[in-house]
Amino acid sequence: SGHKSIDDDLYEELEEALIQADVGMDTAVDLIADLRREVKARGVREPEQLTSLLQELIGDILGQETVPLNTGGPPAVIMVVGVNGVGKTTTIGKLARYCQSRGQRVLLAAGDTFRAAAIDQLEIWGQRTGITVIKHREGADPAAVAYDALQAARSRGADVLIIDTAGRLHTKSNLMEELKKVGRVLGRELPGAPHEVLLVLDATTGQNAISQAKLFGQATGVTGIVLTKLDGTARGGVIIGIRRELDIPVKFIGIGESVDDLRPFHAGEFVAALFDRRDKETV
Amino acid sequence: MVFSGLAEKLQETFRRLKGKGRLTEADVDEAMKEVKRALLGADVNFQVVKKFVQRVKERAIGQDILDSLTPGQQVIKIVRDELAALMGGTQSKINVSPKPPTLVMLVGLHGAGKTTSAAKLANTLRKTGRRPLLVAGDVYRPAAIKQLQVLGQQLDVPVFSMGDRQSPVDIARAAVEHAVGTGRDLVIIDTAGRLQIDQEMMDELAAIKAAVHPHEILLVVDAMTGQVAVNVAEAFNSRLGLDGVILTKLDGDARGGAALSMKAVTGCPVKFAGVGEKLDALEPFHPDRMADRILGM
Ligand SMILES: Nc1nc2c(ncn2[C@@H]2O[C@H](COP(=O)(O)OP(=O)(O)OP(=O)(O)O)[C@@H](O)[C@H]2O)c(=O)[nH]1
Ligand SMILES: Nc1nc2c(ncn2[C@@H]2O[C@H](COP(=O)(O)OP(=O)(O)OP(=O)(O)O)[C@@H](O)[C@H]2O)c(=O)[nH]1
Ligand SMILES: [K+]
Ligand SMILES: [Mg+2]
Ligand SMILES: [Mg+2]
């Protein structure tokens, strides 16, 4: 802003903006290097053009197309995974409504049998959307819940089955094994299932999200990301590095706590928001 | 571990510094670049990093340590000491009111760990002889009340609830009366997750504060939080006046850079660290250990 020419200060300012949006030092440095190269190659002279050029470069990494949910089945089986408190259960409520609004018959599975009142929480989302929740007791084997839910989904002719799982830190190998088992049981009953493993990432998370994506990816073969809590001041820039390194697409974003607060991911909108200065207006 | 490559690099830099008999300003600059990278990789706030590196540089160059016998070691020591200092001394105590009950209120963003930490705190403080009452002040999140009730049951600690049709302000007020009537000397109020830019929801917290005057308002912060941590702490602090911070989910591989800025921004220390989902997984916070962790040492 206010730069007369394209100089080091301007590049540094852009790098800072990236870092403040949680893009991370390494990715930010690489992006700025790419930007310098493009500026040269295209003979760009106007400082005002740099931001849009940078946005274009990031857009190229993220992909301009919105990536749809994988289909399969029926039922198409969607497993929702992630660390504690990122918004898995809430996302399931919204996703159920999204599928419903596209004319699909949905069933939910209360696969978090660990956290206090997690089953009750999902049941409230079931009530809000008028969707049946298959559940066992607290403490039950999540793989058994998934198995029963898949049977129920088949016998009821559901198009989509969405399975909640307990939050877990990606570094806890016993808990990651438990998650793998859920996937194995589903795959044995219905070849190709789960068709979609959605990793929920909280936009307020910083560089640790890379580690989350890596380890959940290794354990469960994550097929897409849902980036939640983008209604706050966080930008979620870490997904750029995740796309670059691990090639996992973001499929949806969460922008609130209500049933309609889920949107398909659009790289263009996301990238534009990366550079706006919302965070300056606090209470 | 995600940052282990960086940690190695940093240690290599420090080893190199240690190995040198004599350091130039350029050596220090080079080392500071690595430190900056490490801190940003640990999600320390960008502005904080800038100022921090500047200060360390000034100290390193200003104190004639470049001419000392072990300049490298001294630079490392400055970095670690400054980090620990930034996070404040060890202070994990809760302000106890001379006139019971002591009121503690937990606030923070969605999913940070408030409800779980409320139960953990009740568990911890009960072991010091307190008689806690947990208060279900989140009337918004689906099954938030039930969650606290289940946790209370696990601990055999009473949970005060008026359902989800009353205002959290009225609930807090009634809870304090209930505590007085039943001889509870510690009231821990759980509140709903909220965005720091949500004016209406922030007003609600201010109204609870005005109604019951908590002795201790604790901000619960997820250790994996990125660059917004500072902004969030600033907003909660300026609206409510915080007394401390609980840093959660430190049982993973989070470097916890968010911890670093909390003291600087709010003026109050991180008092506890959450290190697991179980109700005994709450520990006093140690700035020096945190400094090592942030640096990957
Ligand atoms: N502002 C906002 N809040 C959200 C969003 N998504 C979820 N939340 C809130 O985040 C908190 C945690 O959401 P949950 O759905 O319980 O998260 P979870 O990942 O299932 O949590 P665990 O099962 O405990 O691991 C709740 O208070 C939700 O209302 C979002 O997009 N925006
Ligand atoms: N691994 C780990 N998980 C934790 C820790 N503290 C809380 N959690 C988990 O984080 C998730 C969210 O915790 P809650 O206590 O529900 O968070 P909250 O701030 O009350 O959430 P909202 O009320 O929705 O804003 C749950 O799955 C907890 O079990 C911790 O220290 N370590
Ligand atoms: K969080
Ligand atoms: Mg959940
Ligand atoms: Mg809660």
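Derivation of every value follows stated rules applied to the coordinates shown; laboratory data play no part. Note that the coordinates shown come from a computational prediction; the quantities given were computed from them, not determined experimentally. Note that we place each Cβ from the backbone using ideal geometry, even for glycine, and neighbour counts take in every protein chain shown.
General remarks:
- Straight-line reach from A:Lys40: taking Cα to Cα under 21 Å and skipping same-chain neighbours fewer than 8 places apart, the lysines in range are A:Lys4.
- Pairs of Cα atoms in chain A fall into 10 Å distance bins, from 0 up to the last occupied one, in shares of 7, 28, 31, 18, 10, 5, 1 percent.
- MRE, 222 nm, helices only [DSSP H, n ≥ 4, -39500 (n - 2.57), over chain A, to nearest 500]: -15000 deg cm²/dmol
- Distance in nm between pseudo-label sites at B:Gln154 and A:Asp247 (7 Å out along the Cβ direction from Cα): 4.1
- Prolate is the label for region A:1-149, because the ratio a/c of its alpha-carbon gyration tensor axes (a ≥ b ≥ c) is 1.5 or higher and a/b is greater than b/c.
- Computed across region A:200-283, the Kirkwood radius stands at 13.3 Å (inverse of mean 1/r, all Cα pairs).
- When DSSP beta bridges are restricted to pairs lying wholly in the protein assembly as shown, around 15% turn out antiparallel.
- Cα-based shape type of region B:204-297, given that a ≥ b ≥ c are square roots of the gyration tensor eigenvalues and the cut on a/c is 1.5: prolate
- Shape box of region A:85-202 [Cα atoms, principal axes, largest first, Å]: 38, 29, 26
- Just so you know, the Rg over Rh for region B:246-297 is 0.95, from Cα atoms, with Rh as the Kirkwood radius.
- For chain B, the Rg and Dmax computed from alpha carbons only, in angstrom: 21.5, 70
- Global geometry of region B:158-202, whether rounded, prolate or oblate, following the gyration tensor of its Cα atoms and the 1.5 cut on a/c: prolate
- When the convex hull of its Cα atoms is projected in every direction, mean area for region B:117-210 (nm²): 6.0
- Rounded tilt (10° steps) of A:208-220 against the dominant C-alpha axis of chain A: 40
- Over the C-alpha trace of region B:144-275, radius of gyration and Dmax come out as 15.6, 44 angstrom.
- Compactness of region A:13-96 is given as radius of gyration and Dmax, 18.7, 55 Å, from Cα positions.
- Inter-probe distance in nm under a simple model that places probes 7 Å from Cα toward Cβ, at B:Ala211 and B:Lys77: 5.4
- In degrees, nearest ten, helix B:257-266 long axis to first principal axis of chain B (Cα): 70
- With contributions of -39500 (n - 2.57) from each DSSP H run of at least four residues, the per-residue ellipticity at 222 nm computed over chain B stands at -16500 deg cm²/dmol.
- Taking only the Cα atoms of region A:179-219, the ratio Rg/Rh comes out at 1.09, with Rh defined as the Kirkwood radius.
- The alpha-carbon of B:Lys120 sits under 28 angstrom from the alpha-carbons of these lysines, leaving out residues fewer than 8 places away in its chain: A:Lys88, A:Lys135, A:Lys172, A:Lys229, B:Lys93, B:Lys99, B:Lys146, B:Lys209, B:Lys249, B:Lys263, B:Lys271, B:Lys278.
- Estimated Rh, region A:211-259: Kirkwood, alpha-carbon pairs, angstrom: 11.6
- Ellipsoid semi-axes in whole angstrom, largest first, where each is sqrt(5λ) of the Cα gyration tensor of region A:127-283: 30, 19, 14
- Between 0 and 90°, nearest 10: helix A:25-42 axis offset from chain A longest Cα axis: 50
- In this simple spin-label model, placing a label point 7 Å from the Cα along the Cα-to-Cβ direction at both B:Ala26 and A:Lys172 gives a separation of 5.0 nm.
- Dimensionless Rg over Rh [the protein assembly as shown; C-alpha; Kirkwood]: 0.98
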